[in-house]
Every structure is written in structure tokens, then in C-alpha cells.
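Participant: Sharing a structure below in C-alpha cells format, with a few things to ask.
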Amino acid sequence: MTRRLLALLACLWFAPQAVARAAPPTLDEVRAAHPASESRLFDRHGVLLHEMRTDLTRRRGRWVAFGELSPRLRESVVALEDHRFFAHHGVDWLALAAAARDTLLGRARGASTITMQVAAQLDPTLRAPARRSLRQKWRQLQAARALDARWSKREILEAYLNLASFRGELQGIDSAARALFAKSAAGLDAHESLLLALLLRSPNATPAALAARGCRLAPRVAPTVDCARLTRVAQAALRSPPGLRAAAQSAPHAARRLLRPGGGDITSTLLAEAQRTALDSLQKQLRQLAARNVRDGAVLAVDNASGEVLAYVGNGGALSSAHHVDGVRALRQAGSTLKPFLYALAIEQKLLTAASLLEDSPVNLPTPTGLYVPQNYDRTFRGLVSLRASLAGSLNVPAVRTLMLLGPERLLERLRELGFDDLERDGDYYGYALALGSPEVSLWQLVDAYRSLARGGGRTPLRLDGAGAGASTEATAGRRGASFIVGDILADRDSRSRAFGVDNPLNLPFWAAVKTGTSKQMRDNWCIGYTTRYTVGVWVGNFDGAPMWDVSGLTGAAPVWAEVMRALHATDAPAPPAAPPGLARRPVRFAHDVEAPRDEWFIAGTAGDRPGLRRPAAMAPRITYPGPGSVLVVDPDIPPAAQRVFWTMRPARAGLDWRLNGQILADDSWQPRPGAYTLELVDAARQVLDSVDFTVRGALAPAAASTTGKGTRVGGGNQPR
């Protein structure tokens, strides 16, 4: 005991002359080294959209400047922790002497000042898990003197309250005030301030113990505090583990894409008003559709010129079945939303015009897995219809016939150019169902692609953060013309009214091109459209794939699309797009009055005053049977001569030959034998137009009696073996 007393007296004698060797950091350096555990996402104008925890090791709030601290809080902390704080120079020698005296008498107590505690916070070597050694105490005295010499008292108190731990994982006055009292540090009253000051010394004390100590000390440190009220405040604030509620939560999925641990706050391209409108509109629509088994949705709005994202709503929040799922990026079946790109490509390639007539009649297409028989949504057929009427009315059979002209591979290539990066299979895999949106795509990809139509076929990447624009892709004259014509069709109210009625939510008080889409069994519902200024896309459905009940494009996604579009153009109606060079508007008349005469847009060199029927003769022939990778099985119970495989192509064309494993065949049938084969379709110059690989399995039966007729067709791999 005597040795410890002498050591403390030595500190008391020599410490006033001590000078720390290493200068302490500046307050700005300390602020930078202690970021908040929550990162914030701001809109383009600095409006807070979302706050998200990115540091799971601690719960530290934002740094609060001295002037933003409640005066009552400052007074209570100084009174309880270091009442001579503004008088001493970092070390309270009177408190040290009293501590030495009490130590001599066996009543050990601390004498650390606020400055000494800050010094220990800044230097990890001065933090001791238990009682500090004399050497550590000496170094802490030196550090406190140096800190007091360089920092003002305001700066020291500011750092103390921002670095101190209050309760549980709460570090810093901002997190403590928000978690315990749901208010900022500037708004703390006398009772809350006293309670926080008490927590600095006893962070784990019970509410009753803290209130009792506060009642004893209040007459000296906070005379205006009422003991009964202090008890109620302590019970209300500390009866459960503290939780810190985010300051804003209107863009969770955008925040997850942009905010990173240690990355700090981010300013996005989002527009707070657009984000709020999109979220409110989606939630209102989901509430109205709840009885029709619709639980989820997503909205994406972008600026056409810059590609900047204005609204990013990944789902309906609390109304969603899975609020963590990002519906903007989730892959869902496209439905009819891919048709504009199909027709744009056919127009660009000069295979069709907006006035070309297509057959809307039953068609059976053989595929490796059986016949594909496309149907229109209303199960009826209209005979001859123009491309304009087919696209505006979202007819399925004419779209399939158009894909027969192009071939699936050509459309796939264009879709990948437009950013549909998940279409990784070949044309044989998707087949003609590609025209009806069988692949899975994301709302992000669809909005990006429709924005390309709005820009005349050119493309730049969409942007959610403040980074510079990415590389751009310029459109050819043909693509610009085709994009304009497709946009003109999608904005044509008269043509659209034949399928959707005159009064529908797609009709806005200004020019807008828009397309709806519904996937198989009503699992997904889309509405994507654009003006000359903005592109907006909406999806509604269920993340678990459950079908909706009687929900179409007009009743599902379209009302949200229309409301967001109106809000974006509330103060400035957009002008219609101007026709690019190379287009001509000509009057057309249809034979047999299939459709009423009208003026129509044409790419140069494609105009005609009497449109004719276009059949898929221009399509390159493809092998339709057997399909790629097919497994054929011979039946041992049937004589080999009676079993035949019949090759098929589409469209049929004379002058072509079949070549099997390098040998030209005499006709379009073949007697199968077990083995691996490559079948090729070749022209007169022996150039390969298409090829498939297939396998024949099974055992041949012994020669049997002769058979008559054309033989028995060999089945595929699902035949019993």
C-alpha cells in the first residue's frame, strides 16, 4: 500500500512537467477513423432515401458536432464525470490526490478525467481490460496533457460523447439517443440527458438502479429533474434491449446494391419524389389485388437520355411475400414483352413492314419434344392481320409466323445485344416459343431494352450510382427507322383499342409507347413503356411462382405504370418523337378491305400501296425432326425393314439433300440401326444449312417376314426400352 501511494505521489510531482512525445491526431482525423455503422443512400439532390447497417461489429451512430449536442446533456455529463473539466489541463490533480488518499485508506476509486478517457479511446495501448498499471497510468497522464494542449474543451467533450459506449452495442451519442429515445442528440431533455450520463459509468445497470442513483444526484447536477419522471423514463427506455431504427427505409434494394462495408454514404441517381410515387403506387395496387392472389411487384423508372435510374422499387415492402427479394433483378418469364424487338428486327431486315399482312390462323410446328401449337390469348383467330394490328393487339400466332421468317437464332442475337445476358441457350432450345416470351428475363433488362427503342436503337448502360456514363452503342439507320415504327405502333391508341378497348389505363394524356405481357398461367404480369423522356417498367406476380387469379396486363401492372408516368410528366408533357431520316409516310389500301385504309410509315425502299401476305418462305430451312440430342429406340419385336425414321425440315424447300454421317441419302426416310449419327441438310453445292446429332439405341430383331407399306416410325427416348 505504501509503495503504491509513493508511486502516485511521484506521478503527482512529475506529471505537470511531462510532455508527450507523439502529438495526438486532429479531431478531423478522429472523425474519419470512426465512421458510423450505418451507411446512407441519398437521392441526386441530397435527400436521405435509405439507411442500412454495413458494420456488424459495433453499433455506432453518426458523428454529432458539439453545437448539435443538447446543452442539458453536456451539463449532466460534465457534472457527473468531470466537474472541473473546464478548469484543469487534462489531468485533475485534486482528484488524483483524493484518489491517493482514498487508496491509502483502502477505499480505491478512479480519478480519470474526460480528457484522459478520450486519450485512452484514441490509443489502444492505454486501454486495459482491468486495472491499469502505473506505467499505463503515467502514459495516460502524458497523453491527456498533450491532448488538452492541442484540442479545445469543446472538441474533447465532442469526441468523448461520440466515442463513449452507453449500453449494449450502442457506441456514440447519436446511436444511444436514437435507440433509447427515438430522437436526435440535440433534442434530449433534462431527464434523458441525466439517464445517458449515468449510463456512461454503469452501462449495464438495471433501470431501477440507474433511476435510484439519478434521484440521489439530481439535486446537485440537474435540479429540474423530477425523480418520479426519471424512473418512468428509465423503465421505458431500458426495459428491453435497445434497437436502432433506420432513419429512412424507402429504397432497400437499391441500397443493398450500392452500400458496402466501409464504403460510407452514397449519392445515387434516384429521385426522391419518383421513388416515393413508385413505392406508394405499387403498394396501393398490391392491396387492391390481394384478393386475386397477387402479393409481389417491382417498379423501375429511368431517364432516357442519361440512363440514370430515377426509381428502383424491388418489391412492395411489408406487403411482399419475401421482402428481401429484389424483383427488379429477379428473372421471370417475359410473356409478350419481347414482341416489339421481334417486329423491329423484321422491319429493320426489310422482311416486313408495318402494313405487311400476316396469317392469324392455326399452325402446328413440329419440335424435338412434339408439336408446338401457339394460341392467341382469347383462343380465336382473325385471319389476315397487318403487323401493326398484330403488335398493337399482342396476337401470338402472327408473332410466331414472324419468328419463322427470321429464325430464333437471329432474334436471340439481337436480344443479347440489347442486354438480355441470361439468354445463354441456342435457338433450338427456345424454339418458336421465343416469340411469345418463353425465356426468363429481368425488369432491369426489359427497361434497358425498351429505353433502347426510345433512343432509336442506340444503347448505353443504366446507371444507379453517380459514376460516369458507360460505353454507348450507336444505331444504324435501319435500326433507328425500325425503332421509330415500332414505337409508333405501341403508341397507336386506335390499333390498341381493338384488343384492349377504347378506355384503358395505357392511354395517357400525352404520347407514350407501351406494351403489356402476361406469362404462362398468369404467373407474371408486365407493363413496360416509354415517352421521349422516360422509360418505366412494372412487374406484378408472386415470387414463389403461384399463378394470379384473373389478372391481365391492364388490371395488374398497367395502373402502376400509368401513375408513375403521370407523376414524372406532371409539370412538362413530352412531345412525340420526330421521324428519323430514311422514313416515308405513305397511304395504304388493303385488298378485300382486310383493314381500313390509312397512312403508314415505311423504311426507304419497302413502301407499297397494297400490302400482300408474307409467308415464312424467306426463312432458312431447319431440321425439325429429329431434334438435337434426340435418342431414338428401335423395337426388337418389329422387323427392321418395317421401322423407318422420316426426316422433316421447315420450311420445306426443293433441291436440298439429307446427309447422314457423310453419306447422301436417297430420300427423306431411313432404316435405323443402333449407333451415333450426325444428320445434315445440304444444298446443291453441298453447303450445310443445318445439322443435328442424335443416337439410336436398342437391338435389331432377326429378319422377319416381309412387310408392306411405308413402315413404322421409330419413337423418341420416352419409348419403353
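Every number here is computed from the coordinates shown, using simple stated rules; none is lab data. Here the structure is a predicted model, which means the values were calculated and not measured. When we count neighbours, we look across all protein chains shown, and the Cβ atoms used for this are built from the backbone with ideal geometry, even at glycine.
Participant: How about Lys284: which aspartates and glutamates have a C-alpha closer than 14 Å to its C-alpha, ignoring those fewer than 8 places off in the same chain?
Facilitator: Within the straight-line cut-off, Lys284 pairs with Asp296, Glu563.
Participant: Could you give the nm distance between label points at Ser552 and Ala685, where each point is 7 Å from its Cα heading toward the beta carbon?
Facilitator: Spacing of the two 7 Å Cα→Cβ label points: 5.0 nm.
Participant: Under a point spin-label approximation (7 Å from Cα along Cα-to-Cβ), what is the Ala305-Ala208 distance to one decimal in nm?
Facilitator: 6.8 nm
Participant: Would you mind getting me the FRET efficiency between Leu656 and Lys350? Use the beta-carbon distance for r and R0 = 30 Å, nearest 0.05.
Facilitator: The value I calculate is 0.75.
Participant: How far, in nm, would the chain grow between Arg216 and Ala290 when pulled straight, counting 0.36 nm per residue and subtracting the alpha carbon separation?
Facilitator: 20.9 nm
Participant: For the range 507-631, just the Cα atoms, rotate onto the principal axes and tell me the three extents in Å, largest first.
Facilitator: Its Cα atoms span 57, 42, 29 Å along the three principal axes.
Participant: Could you pull out which residues in the range 152-183 have an amide N less than 17 Å from a spot 7 Å beyond the Cα of Asp55, following the Cα-Cβ vector?
Facilitator: Taking a point 7 Å out along Cα→Cβ of Asp55, the residues of the range 152-183 whose backbone N falls under 17 Å are 159-179.
Participant: Search the structure for amide H atoms under 5 Å from the amide H of Arg598, placed 1.01 Å from N in the peptide plane, and list their residues when 5 or more places away or on another chain.
Facilitator: When sequence neighbours closer than 5 places are left aside, the close amide H contacts are Val588.
Participant: Now for a different question. Using the Cα centre of the chain as origin and beta-carbon charges of +1 (Lys, Arg) and -1 (Asp, Glu), tell me which of Gln142, Thr267, Gln333 is placed farthest towards the positive end of the dipole.
Facilitator: Of the listed residues, the answer is Gln142.
Participant: Straight-line reach from Lys350: which lysines fall under 24 Å, measuring Cα to Cα and dropping same-chain residues less than 8 apart?
Facilitator: Straight-line reach from Lys350, under 24 Å: Lys339, Lys515.
Participant: Expressed as cubic angstrom per residue, what is the convex hull volume of the alpha carbon set of the range 231-338?
Facilitator: 185 Å³
Participant: Can you find, among Ala578, Gly478, Ala218, the residue sitting farthest towards the positive end of the charge dipole of the chain, where Lys and Arg contribute +1 and Asp and Glu -1 at Cβ?
Facilitator: Positive-end residue among those listed: Ala218.
Participant: Separate question: In the chain, what % of DSSP beta bridges are antiparallel (nearest 5)? The partial results should precede the final answer.
Facilitator: On the way: 70 of 81 bridges.
In the chain, approximately 85 percent of DSSP beta bridges are antiparallel ones.
Participant: Something else: Work out the length of the dipole vector of the chain about its Cα centre, built from +1 on the beta-carbon of each Lys and Arg and -1 on the beta-carbon of each Asp and Glu, and round it to the nearest 20 debye.
Facilitator: Its charge dipole is roughly 2920 debye.
Participant: Please work out how much length the chain gains when fully extended from Asp572 to Ala584, using 0.36 nm per residue of separation minus the C-alpha to C-alpha distance, in nm with one decimal.
Facilitator: Values: separation 12, 0.36 × 12 = 4.32 nm, distance 2.94 nm.
The span from Asp572 to Ala584 would gain 1.4 nm if fully extended.
Participant: Which number comes out as Rg/Rh for the range 299-603 once both Rg and the Kirkwood Rh are worked out on C-alpha atoms?
Facilitator: 0.94
Participant: In whole Å, how far is the Cα centre of the range 179-249 from that of the range 436-467?
Facilitator: Centre-to-centre (Cα) distance: 53 Å.
Participant: Between Arg260 and Thr648, how many nm apart are label points set 7 Å from Cα along the C-beta direction?
Facilitator: So the two model labels end up 5.4 nm from each other.
Participant: Hey, if you put +1 on the Cβ of every Lys and Arg and -1 on every Asp and Glu Cβ in the chain, which of Thr57, Phe590, Ala389 ends up farthest toward the positive end of that dipole?
Facilitator: Value: Thr57.
Participant: So what does log10 I(q)/I(0) come out to for the chain at q = 0.07, 0.09, 0.11 Å⁻¹, using the Debye formula with one equal point on every Cα and no solvent?
Facilitator: -0.69, -0.88, -1.10
Participant: Order of Lys339, Lys137 from fewest to most other C-beta atoms within 10 Å? Spell out each step's value before the answer.
Facilitator: Values: Lys339 26, Lys137 21.
The most exposed by this proxy come first: Lys137, Lys339.
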